[in-house]
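Following: one structure in structure tokens, then a few remarks.
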Amino acid sequence: MEKMSCKEFAEKITFSLLLCVCMCALISVFFVKNTGSNYARANELIWYVIKRTGDLQDIQDRYTDCFWKKDDFINLNGWLARLFGIRSYFKNKGIYITSDRWITGWYGKTSSDYEIEQTVDFKNFLDANEIKLLYVNEPVKYIDDSVFEKEFGMPSYSNRNLDVFLSRLDEAGVHYVDLRDGIRAEGLDVKKMFYRTDHHWTTPAGLWATRKIAEGMNAWCGYSIDTGIYDKSNYIFREWKGSWLGEQGVLVAESYVGRDDYTEVKPKFETSFTFKNYDGLEEGNFDGFIYELMYDPQNNVNAHPSWHYSYRKRNVINNKVGYGKVLILGDSYDYVVAPFISLGVRECDFICLRDDSTEDFDLRKFILDNGYDTVLVCYAQFMVGAHDYQGANYRMFTFH
């Protein structure tokens with residue numbers, strides 16, 4: 001069937017809604033003058049009209065897409081929220097806006113029993129098969145919980161949750177890299193390692209983090225990666241100012257938080273990769289990780305995907321390195337980590353258990369079948385506590 005234009009769809013849904021209003025008026029009369037059975041039949045008729053128009057969610061999505069002056073209304077909403085100092089709407093999505101218009105998050109207190117149980121059992125399995133495990137903690141936009149409390153007058157527990165979790169990893173003998181330690185040691189401003197309008201960290205932050213991870217792999221996983229390959233002087237940094245809007249910024253509007261900057265990072269040195277696609281192998285270089293067509297400042301920022309995802313999750317063989325087969329169990333932060341890890345090892349595969357695992361997926365069999373020597377578990381620290389909610393992240397610590 002040929003897809004309707006926005007105008008045709010709007011006309012159809014508007015007619016249906018008007019018809020529903022008329023039907024509701026008739027129902028009121030029926031309900032007063034007749035029995036409940038007549039009301040039920042009239043109600044069924046209304047639902048019949050709605051179903052003829054399409055699925056309710058589909059109706060909502062398509063009507064929103066066709067809404068007259070939609071972007072203007074979005075920005076009006078954001079402007080009014082900023083005018084009245086509303087800083088914590090969309091709280092169910094963890095969105096809080098600082099006084100300098102950065103989006104940040106609130107994180108409740110949680111236990112780490114589930115995560116510790118799963119991680120220790122996973123370590124025992126890997127140890128039995130002579131496979132190394134390294135846990136990597138990726139921070140949020142503040143590494144001191146008091147920063148959030150001073151700004152918003154309420155406690156957040158992200159860093160305290162992680163302190164407890166990592167102390168328990170210590171007790172269990174699980175090696176880890178806590179990237180907060182490197183941030184403190186180097187006196188970095190953690191907030192500036194992230195986008196203002198998105199919860200992800202920047203590509204330069206991903207490069208910085210990769211060096212720290214490589215140092216951990218050298219210390220605990222038997223690697224001897226030349227960490228000098230991660231020096232900033234070896235990379236080209238290409239910047240776009242005020243060009244896009246992050247996943248959270250779309251919810252609160254450009255008029256409130258403004259547009260974000262973006263920096264692409266690519267090595268100056270020669271690279272050679274074999275990309276392992278579902279339909280076969282593909283030869284290429286580092287550029288194969290990046291979908292540069294996404295970098296278009298003329299796109300509608302309210303509809304265009306987050307530029308963070310211009311770096312793609314790809315499994316690769318590095319034709320210039322002779323050793324190492326690594327599996328990264330990561331999250332969306334690692335879209336800008338895995339490509340740089342791949343520069344230092346022979347093979348690197350990346351799985352996000354939230355997205356890539358199914359009920360019949362056997363992670364442990366997958367690891368053994370593919371012959372990995374090292375597993376990196378690289379998680380944003382708010383993943384600890386995901387077991388509190390039966391949501392998208394619930395499977396992240398289910399290592400079976």
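The values are calculated or read from the model by the stated rules, or taken from the named source; none is laboratory data. None of the values given here were measured: they were computed from a predicted structure. Every residue, glycine as well, gets a Cβ built from its backbone with ideal geometry; the counts of neighbours run over all protein chains shown. Each accessible area value is taken on the protein alone, full model and side chains, heavy atoms only, with ligands, DNA and RNA left out. Shrake-Rupley method; radii C 1.70, N 1.55, O 1.52, S 1.80 Å.
Working only within segment 112-147, note down all residues that are polar (S, T, N, Q), touching a residue at least 12 places away in the same chain (Cβ under 8 Å) and out of contact with any Phe, Trp or Tyr (no Cβ under 6 Å at 6 or more places or on another chain).
THR119, ASN129, ASN137
Within segment 157-168, can you find the residues that are free of Cβ contacts under 8 Å to residues at least 60 places away in the same chain and either touching a Lys or Arg at 6+ places or on another chain (Cβ under 9 Å) or among the β-branched types (Val, Ile, Thr) (or both)?
Within segment 157-168, TYR157, ARG160, VAL164 meet the criteria.
Yes or no: segment 80-97 includes at least one residue that is crowded, with 18+ Cβ neighbours inside 10 Å, under 30 Å from HIS175 (Cβ atoms) and touching a strand residue (DSSP E or B) at 6+ places or on another chain (Cβ under 6 Å).
The answer is no; no qualifying residue exists.
Which residue is farthest from the chain's Cα centre (by Cα), if the candidates are limited to segment 167-184 and must be under 15 Å from ALA205 (Cα atoms) and open to solvent by 80 Å² or more (accessible area, probe 1.4 Å)?
Of everything passing the filter in segment 167-184, ARG184 is farthest from the chain's Cα centre (by Cα).
Check off (1) buried (at least 19 other Cβ atoms within 10 Å of the Cβ); (2) farther than 21 Å from MET383 by Cα; (3) of a type outside the set (D, E, K, R) for VAL336 and give me the number that stays unchecked.
(2)
ASN92 passes all but one of (1) closer than 25 Å to THR398 by Cα; (2) part of a loop (DSSP other than H, G, I, E, B); (3) without any contact (Cβ under 8 Å) to a residue 24 or more places away in the chain; which number fails?
(2)
Would you check which residues across segment 185-195 are in a loop (DSSP other than H, G, I, E, B) and open to solvent by 10 Å² or more (accessible area, probe 1.4 Å) and list them?
Filtering segment 185-195 down to residues in a loop (DSSP other than H, G, I, E, B) leaves 186-189, 195.
GLU186, GLY187, LEU188, ASP189, listed by residue number.
How about segment 261-297: which of its residues are over 30 Å from GLY242 (Cβ atoms), open to solvent by 20 Å² or more (accessible area, probe 1.4 Å) and touching a Lys or Arg at 6+ places or on another chain (Cβ under 6 Å)?
Passing the criteria: only SER272.
List the number of the failed condition for ASP198; all other conditions in (1) buried (at least 20 other Cβ atoms within 10 Å of the Cβ); (2) closer than 21 Å to THR271 by Cβ; (3) within 18 Å of the chain's Cα centre (by Cα) hold.
(2)
With the checklist (1) touching a residue at least 24 places away in the same chain (Cβ under 8 Å); (2) farther than 28 Å from PHE399 by Cβ in hand, flag the one item LYS150 doesn't pass.
Evaluating LYS150 over (1) touching a residue at least 24 places away in the same chain (Cβ under 8 Å); (2) farther than 28 Å from PHE399 by Cβ leaves (1) as the failure.
Scan segment 221-253 for residues that are among the charged types (D, E, K, R), within 30 Å of LEU76 (Cβ to Cβ) and either assigned to a loop (DSSP other than H, G, I, E, B) or modelled with pLDDT under 95 (or both) and jot them down.
Listed by number, the list holds a single entry, GLU247.
From the list GLY173, GLY182, which residue is of a type outside the set (A, V, I, L, M), at positive phi and in contact with a Lys or Arg (Cβ under 9 Å, 6 or more places away or on another chain)? Let's see the steps before the verdict.
Details: GLY182 fails: at positive phi.
Residue meeting the stated conditions: GLY173.
Okay, residues lined up against (1) over 18 Å from PRO204 (Cβ atoms); (2) modelled with pLDDT under 95:
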position	(1), (2)
PHE273	yes, no
TYR278	yes, yes
GLN298	yes, yes
ASN315	yes, no
LYS325	yes, no
PRO339	no, no
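Output yes when any residue across segment 214-230 is open to solvent by less than 60 Å² (accessible area, probe 1.4 Å), under 26 Å from THR104 (Cβ atoms) and of a type in the set (Ser, Thr, Tyr), and no when none is.
There is no residue in segment 214-230 that is open to solvent by less than 60 Å² (accessible area, probe 1.4 Å), under 26 Å from THR104 (Cβ atoms) and of a type in the set (Ser, Thr, Tyr).
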